[in-house]
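Visitor: Okay, handing you the structure first.
The values are calculated or read from the model by the stated rules, or taken from the named source; none is laboratory data. It should be emphasised that the depicted structure is a prediction, and the values quoted were computed from it without experimental measurement. Virtual Cβ from ideal backbone geometry, glycine too; neighbours counted across all protein chains shown.
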There are 4 protein chains.
Amino acid sequence: MPGNTFGTLFRVTTWGESHGRAIGAVIDGCPPGVPLTAEMIQQELERRRPGKGGATSPRKEPDRVEIMSGVFRPEGCEHELTTGTPISLVIFNRDAHSRSYDHIRDVFRPGHGDLSYQAKYGIRDHRGGGRASARETAARVAAGAVAAQLLNLHAIDVVAYTVALGGIETDKRDLRVIGENRLFCPDNEAAARMEERIAQVRAQGDTLGGIVEIRAVCPPGLGEPVFDKLDAELARALMSIGAVKGVEIGAGFRAAAMTGSENNDPISPSGFMGNNAGGILAGISNGEHLVMRVAVKPIPSINREQQTVNSANEPVTIRIGGRHDISAIPRIVPVCEAMVRLTLADHLLRQLAIVETRNRLLRQRDGRDG
Amino acid sequence: MPGNTFGTLFRVTTWGESHGRAIGAVIDGCPPGVPLTAEMIQQELERRRPGKGGATSPRKEPDRVEIMSGVFRPEGCEHELTTGTPISLVIFNRDAHSRSYDHIRDVFRPGHGDLSYQAKYGIRDHRGGGRASARETAARVAAGAVAAQLLNLHAIDVVAYTVALGGIETDKRDLRVIGENRLFCPDNEAAARMEERIAQVRAQGDTLGGIVEIRAVCPPGLGEPVFDKLDAELARALMSIGAVKGVEIGAGFRAAAMTGSENNDPISPSGFMGNNAGGILAGISNGEHLVMRVAVKPIPSINREQQTVNSANEPVTIRIGGRHDISAIPRIVPVCEAMVRLTLADHLLRQLAIVETRNRLLRQRDGRDG
Amino acid sequence: MPGNTFGTLFRVTTWGESHGRAIGAVIDGCPPGVPLTAEMIQQELERRRPGKGGATSPRKEPDRVEIMSGVFRPEGCEHELTTGTPISLVIFNRDAHSRSYDHIRDVFRPGHGDLSYQAKYGIRDHRGGGRASARETAARVAAGAVAAQLLNLHAIDVVAYTVALGGIETDKRDLRVIGENRLFCPDNEAAARMEERIAQVRAQGDTLGGIVEIRAVCPPGLGEPVFDKLDAELARALMSIGAVKGVEIGAGFRAAAMTGSENNDPISPSGFMGNNAGGILAGISNGEHLVMRVAVKPIPSINREQQTVNSANEPVTIRIGGRHDISAIPRIVPVCEAMVRLTLADHLLRQLAIVETRNRLLRQRDGRDG
Amino acid sequence: MPGNTFGTLFRVTTWGESHGRAIGAVIDGCPPGVPLTAEMIQQELERRRPGKGGATSPRKEPDRVEIMSGVFRPEGCEHELTTGTPISLVIFNRDAHSRSYDHIRDVFRPGHGDLSYQAKYGIRDHRGGGRASARETAARVAAGAVAAQLLNLHAIDVVAYTVALGGIETDKRDLRVIGENRLFCPDNEAAARMEERIAQVRAQGDTLGGIVEIRAVCPPGLGEPVFDKLDAELARALMSIGAVKGVEIGAGFRAAAMTGSENNDPISPSGFMGNNAGGILAGISNGEHLVMRVAVKPIPSINREQQTVNSANEPVTIRIGGRHDISAIPRIVPVCEAMVRLTLADHLLRQLAIVETRNRLLRQRDGRDG
């Protein structure tokens, strides 16, 4: 099965290359009646816009999303509502300099998908990374904004933030200050040191990785054992983001060195007395906050000489200049939120059918249905 | 969509509760003509058998697998071959003492899925964890053994081993000695220290976690961007194992603190000059070894008093005695192998359709088809 | 994707060959709390049992179904309930004489799947048709009985009956008499003539086809345009039964010769004033009875000499003796019901997620949720 | 699962409403290297263009398709090739008079999906039928043109034609004359009579149905028993077209009145000696021509007074004037071809993975792989 569709009941199919005519997403399965305007989606897209921080390149991407289908404004209604039919979102590509990619047409850039795409397909659109470009994630963010509208109705809330960048970590989780710095960091002081680190490696023509944490308010009962466990699905969703090389839930890799008595979260009548589980037990949400962390690798496009081969398998050296980000952070932060939202929207709908049947059984037992 | 099926072309559906009549798996999509006997599967099951090491409980699980369908021995053929129809595997449950679980029928054990299953379904088979029991993984191992037979034909090889247990880590990767110790550890000396640690916490009624690494020989071209990337699918596969709380590929979380120049794997005419990528670029295998690591949490069934609630949400304390493992390691090691094999078998078949069309196009260009 | 799974939310995977150890089905996605015992399933299986009528062979098939997983009897509950986990059903094969199939091992029987299976897989279990045997439908009937339990809760009712056999048709639809004759015919007089026809062709070593009509009480709103329309899904479900060569909904092929003014069903405040649509408009149920008809081909195993080839593509003649039915009717009648039930159970669950979200939106608009 | 995606390996997702901004399709899974230009797709779209025949309305639909992604022209290559990434096709809507639909905003037109869409979703875009409009099929035809490019490589050919319209049937199958009349009829004389019938009912403000036959050259081995049999999948594909109320394969409903000895196709060393099976045995293509027929209902929009209800369930009468076709034929003919092509492209890819593994096994047995 081809791999450009995500989700089973809330389904997103994305398409588009970095330097093609447009990129886009089709959302199939959003329930009808959910308020949705282009502006709502646009707001989320603005959050991943480059040029906002020291870590990002100056490329201008207006990224204006257009809704092509799936919404309708009934008489007397303030704005459009979803109709239950597929929602097609298109973002036309502008300001893309295809010419500047001619020199890498036949060269496999280290750390990029050039070589593996060639191996798989025998043909590739080399311009700006083609389908493998991070630009593809704009479609995810747009789709995630649709999911957010649905999740709002069910009081499900998702927030992502930077907890490490270039080796600088923070244990502070003051979520109120995330919007105050350009790195979506819940610790303004750490953010300042991260910016210094960015300036430093920029001068060296190098790039940085980091760690993003995602937290979600989520009702209990989401997740479908034994293979579509909520943590498994979240791991897949997050690992499908290009730069992500690791995912952990709750205590994650720290749990590996704990004893059971340390790691188990005791339970009291008012809830769990700890959250090493990260809100998920046996693959099903338990009502606590979902907590995930992802390892983001440094951007592979560095302004330094690198050893590689061309399509004739001859050794060559390349230096990738041009307008490139220093780190996938902060741009990846809204992408992480989007992928978690898409996963939760899907699992919410998957659980609702069960809920509805359970309610009906209870009503029948109580004699309310007859 | 319910969650008990894994894979799209090589599809496995598992079923069964810990203390029900049986557990099993149906494999749909295994190509015809692959040699397969119950003995081949049995061999893999033996590897996850308890009672083999200090970390495991003495419960006897003969775990005899039976092949109910999908194989046939043609005249003159040495053994059964797959026929392309569904392969049904059944393992009957024996030696299961349902009685011993009566005391936890109405209690939610910390660290287990009792509470989340109840929240989701409103009903659960509490005996031995029911569907959430680690026993379910026997069906995965059995299915993985079928995948192994297919992968053999394509020279794809998977091996997993223990690199940390109870806080004791090793950097040694002497894969030849994995079979020499009971923990599947590629470092006999570290394995000895791990066994000491196990003895220590056993005396304390406590349990341990650890880290398993999986390595695979894999051809380039597997993985389906942008959502079914090979790393995304492997992450989902591994995170769907009950005790796993984290997954990383290649350099994983270490990559977060690297610079681009450190993390990028240079390429030479004879191959990659490093494997921080863990064999996957842009979600597609690049021909290098796949390398993954998973964080395994300590087993939640500890022989110590724990605070929790019952189904009436009243506070209670429990102590879980009985025959329990100290660590999911080493039993989880063959399970990790199985999940990686199932993922690779699926993606192999997904890639073959592309390969076949590419070959045809090449033949037509060369005029060989006419 | 392999083809032995049916449905997306209510999913059935069947397995097994006619003369293998067993056949079975795994139902994944049945909501929890639904009453289910082996007896409930057994009742449905009895209806397709051979030896009950003149059209069927004397082969004894006790067809005892066993529930291997997915049900649990809570304390104080009268019988087992589904738990939301996979329900595994197994029917062991007995009374199967593999020997009697040796003579057709290398011969492709006309009208059977012998040749096409060989072409596809390069290997096949020839005994009794292997996977292509009508015996496979016993697993469908068993799974359909589980669906029936769920549909009961939602007042969805399905009934199938014979309206033509061997060229003898009836326009009568007295559903009360279906159980009074061995052919599930809503016209006892026509049934008698059909039995005569059966006796006649039996003497000639020949076989007969017929037409089965299926009728269902179904709420409006089921079906997922534009590809998973309810009529499209029902057509697939019914056409997947071996002997079925045609499916029509409502007026079906008669509609092809009507004018729009004849075919359109006018609507009054109390409902539709006709049902040429067969209960489905634009792929969505409209609240009227669903009405479908399927064309059933004559059974290909005839006791007459037939011209064919063997696996070396040499011309041979065969005569298929032994215990064979004269017509797929009446055995196919419960199979048609099962396939319609499985389709409706699946689409019911698919619709419930939408219903639940709509209800929530309405409550929020009314201020009931806050 | 939402229903706007068709296929598993060759997957098409369509979107768009009749009077929204655009309609479109995303094709995911087309293998790389297949020649594809907008012109190739445009040619197919022209075939379903209205204004070409007496049965169709004068509405102008330029229907210019644009390829937004998934193709790339390598250096030195004559035209674009597919890259293996999603192919996004967009057709912008023009010449759509939304105003003319105001009067039916609150009225449920008989024979249309107005009532059932409202029942399902609680909201609908009423303009021109919204998502339920036949205009949606333009996206199918566009996607089918992509499938045709792939099928060409494998010598799979599909043609549809009209065999009945308004009660006038023909037994002639002179496929050479299909392009000579406006109804795609393989019998020019019958076509002339059909045109007369059209003129007649047009004067009466009424509409007509008919029967379309589809024939395909197809290799043996396609189809995935037991649920995704080729006939089952073709039935679903064809029944998912709005106006289709019946599907039959080979002898179809005629088989119901045949005996086995009449219906069985004998086999000779040079092939089948008949094709009552319609090219499919046990759900797998047998190498003969695939032959299907679909019943097309008369267009429900008639220029005559009809009885119905409004959204307040009050009785009203409506007369639907305006530019409407008299029959879904001939426009539906290329749509039938498209749906069969999409089904065959999908099953071709599904079979290729099996083929490739079988080839490998044969090579290994012959010692060619080692």
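Visitor: Taking the criterion of being within 14 Å of chain A (Cβ to nearest Cβ), within 24 Å of residue B:336 (Cα to Cα) and not in a loop (DSSP other than H, G, I, E, B), would at least one residue in segment B:91-112 satisfy it?
Guide: Taking segment B:91-112 first, the residues within 14 Å of chain A (Cβ to nearest Cβ) are B:104, B:106-112.
From what's left, within 24 Å of residue B:336 (Cα to Cα): B:111-112.
Now drop any that are not not in a loop (DSSP other than H, G, I, E, B), which leaves none.
No, segment B:91-112 contains no residue that is within 14 Å of chain A (Cβ to nearest Cβ), within 24 Å of residue B:336 (Cα to Cα) and not in a loop (DSSP other than H, G, I, E, B).
Visitor: Would you confirm whether or not segment D:285-302 contains a residue that is farther than 23 Å from residue D:116 by Cα and touching a Ser or Thr at 6+ places or on another chain (Cβ under 6 Å)?
Guide: Yes.
Visitor: Right, next: Inside segment D:298-322, can you point out the residues that are in contact with a His (Cβ under 9 Å, 6 or more places away or on another chain) and not β-branched (Val, Ile, Thr)?
Guide: Of everything in segment D:298-322, those that are in contact with a His (Cβ under 9 Å, 6 or more places away or on another chain) and not β-branched (Val, Ile, Thr) turn out to be D:300, D:301, D:303, D:322.
Visitor: Okay, moving on. With at pLDDT below 90, buried (at least 16 other Cβ atoms within 10 Å of the Cβ), touching a Gly at 6+ places or on another chain (Cβ under 8 Å) and farther than 19 Å from residue D:20 by Cα as the only criterion, which of D:69, D:57 stands out?
Guide: D:57
Visitor: Can I ask one more? Is it the case, given these coordinates, that residue D:309 is at pLDDT 95 or above and under 30 Å from residue D:202 (Cα atoms)? Reasoning before the result, please.
Guide: Details: at pLDDT 95 or above: yes; under 30 Å from residue D:202 (Cα atoms): yes.
It is true that residue D:309 is at pLDDT 95 or above and under 30 Å from residue D:202 (Cα atoms).
Visitor: Return a yes/no flag: does segment B:329-337 have any residue that is farther than 15 Å from residue B:238 by Cβ, at pLDDT 95 or above and not in a loop (DSSP other than H, G, I, E, B).
Guide: No, there is no match, as no residue in segment B:329-337 is farther than 15 Å from residue B:238 by Cβ, at pLDDT 95 or above and not in a loop (DSSP other than H, G, I, E, B).
Visitor: May I ask you to verify whether residue D:107 is touching a helix residue (DSSP H, G or I) at 6+ places or on another chain (Cβ under 9 Å), surrounded by fewer than 24 Cβ atoms within 10 Å (Cβ to Cβ) and closer than 30 Å to residue D:39 by Cβ? First the steps, then the outcome.
Guide: On the way: touching a helix residue (DSSP H, G or I) at 6+ places or on another chain (Cβ under 9 Å): yes; surrounded by fewer than 24 Cβ atoms within 10 Å (Cβ to Cβ): yes; closer than 30 Å to residue D:39 by Cβ: no.
Answer is no for this residue.
Visitor: Looking at A:276, A:359, which one is free of Cβ contacts under 8 Å to residues at least 24 places away in the same chain and of a type in the set (S, T, N, Q)?
Guide: A:359
Visitor: Could you list all residues from segment D:174-213 that are among the β-branched types (Val, Ile, Thr) and surrounded by fewer than 24 Cβ atoms within 10 Å (Cβ to Cβ)?
Guide: D:177, D:178, D:201, D:211
Visitor: Take residue B:348 and tell me if it is outside any loop (DSSP other than H, G, I, E, B) and at pLDDT 95 or above.
Guide: yes
Visitor: Identify all residues within segment C:285-330 that are at the interface with another protein chain (Cβ under 8 Å from one of its Cβ atoms) and under 14 Å from residue C:216 (Cα atoms); write none if there are none.
Guide: C:285, C:286, C:287 - these are the residues of segment C:285-330 that are at the interface with another protein chain (Cβ under 8 Å from one of its Cβ atoms) and under 14 Å from residue C:216 (Cα atoms).
Visitor: Same structure, new question: Can you confirm whether residue C:175 is of a type outside the set (S, T, N, Q), in contact with a Pro (Cβ under 6 Å, 6 or more places away or on another chain) and more than 28 Å from residue C:91 (Cα to Cα)?
Guide: yes
Visitor: Tally up the residues in segment B:232-276 that are surrounded by 24 or more Cβ atoms within 10 Å (Cβ to Cβ), at the interface with chain A (Cβ under 7 Å from one of its Cβ atoms) and of a type in the set (A, V, I, L, M), please.
Guide: Within segment B:232-276, residues that are surrounded by 24 or more Cβ atoms within 10 Å (Cβ to Cβ), at the interface with chain A (Cβ under 7 Å from one of its Cβ atoms) and of a type in the set (A, V, I, L, M) number 9.
Visitor: With respect to residue A:249, determine if the residue is under 22 Å from the mean Cα position of the chain (by Cα), within 25 Å of residue B:163 (Cα to Cα) and in contact (Cβ under 8 Å) with a residue 60 or more places away in the chain.
Guide: In short, no.
Visitor: Got a sec? Which of A:179, A:128, A:209 is at positive phi and not charged (D, E, K, R)?
Guide: A:128
Visitor: Sticking with this one: Among the residues of segment B:217-226 satisfying the criterion of being of a type in the set (A, V, I, L, M, F, W, C) and surrounded by 24 or more Cβ atoms within 10 Å (Cβ to Cβ), which is farthest from residue A:238 (Cα to Cα)?
Guide: B:218
Visitor: Related question: For residues in segment B:1-52 being of a type in the set (S, T, N, Q) and within 7 Å of another protein chain (Cβ to nearest Cβ), which is farthest from residue C:66 (Cα to Cα)?
Guide: As a first pass, look at segment B:1-52 and keep what is of a type in the set (S, T, N, Q): B:4-5, B:8, B:13-14, B:18, B:37, B:42-43.
Adding the requirement that they be within 7 Å of another protein chain (Cβ to nearest Cβ) leaves B:4-5, B:8, B:13-14.
On the way: B:4: 20, B:5: 21, B:8: 28, B:13: 18, B:14: 17 Å.
So the residue we want is B:8.
Visitor: Something else about it: Somewhere in segment A:315-326, is a residue surrounded by 24 or more Cβ atoms within 10 Å (Cβ to Cβ), in contact (Cβ under 8 Å) with a residue 40 or more places away in the chain and among the hydrophobic types (A, V, I, L, M, F, W, C)?
Guide: Yes; the residues of segment A:315-326 include at least one that is surrounded by 24 or more Cβ atoms within 10 Å (Cβ to Cβ), in contact (Cβ under 8 Å) with a residue 40 or more places away in the chain and among the hydrophobic types (A, V, I, L, M, F, W, C).
Visitor: For segment C:129-152, does any single residue satisfy the condition of being surrounded by fewer than 23 Cβ atoms within 10 Å (Cβ to Cβ), in a helix (DSSP H, G or I), away from chain D (no Cβ under 13 Å) and free of Cβ contacts under 8 Å to residues at least 40 places away in the same chain?
Guide: Yes, segment C:129-152 contains at least one residue that is surrounded by fewer than 23 Cβ atoms within 10 Å (Cβ to Cβ), in a helix (DSSP H, G or I), away from chain D (no Cβ under 13 Å) and free of Cβ contacts under 8 Å to residues at least 40 places away in the same chain.
Visitor: Can you name the condition, by its number, that residue C:39 falls short on among (1) modelled with pLDDT of 75 or more; (2) within 30 Å of residue D:286 (Cβ to Cβ)?
Guide: Every condition holds for residue C:39 apart from (2).
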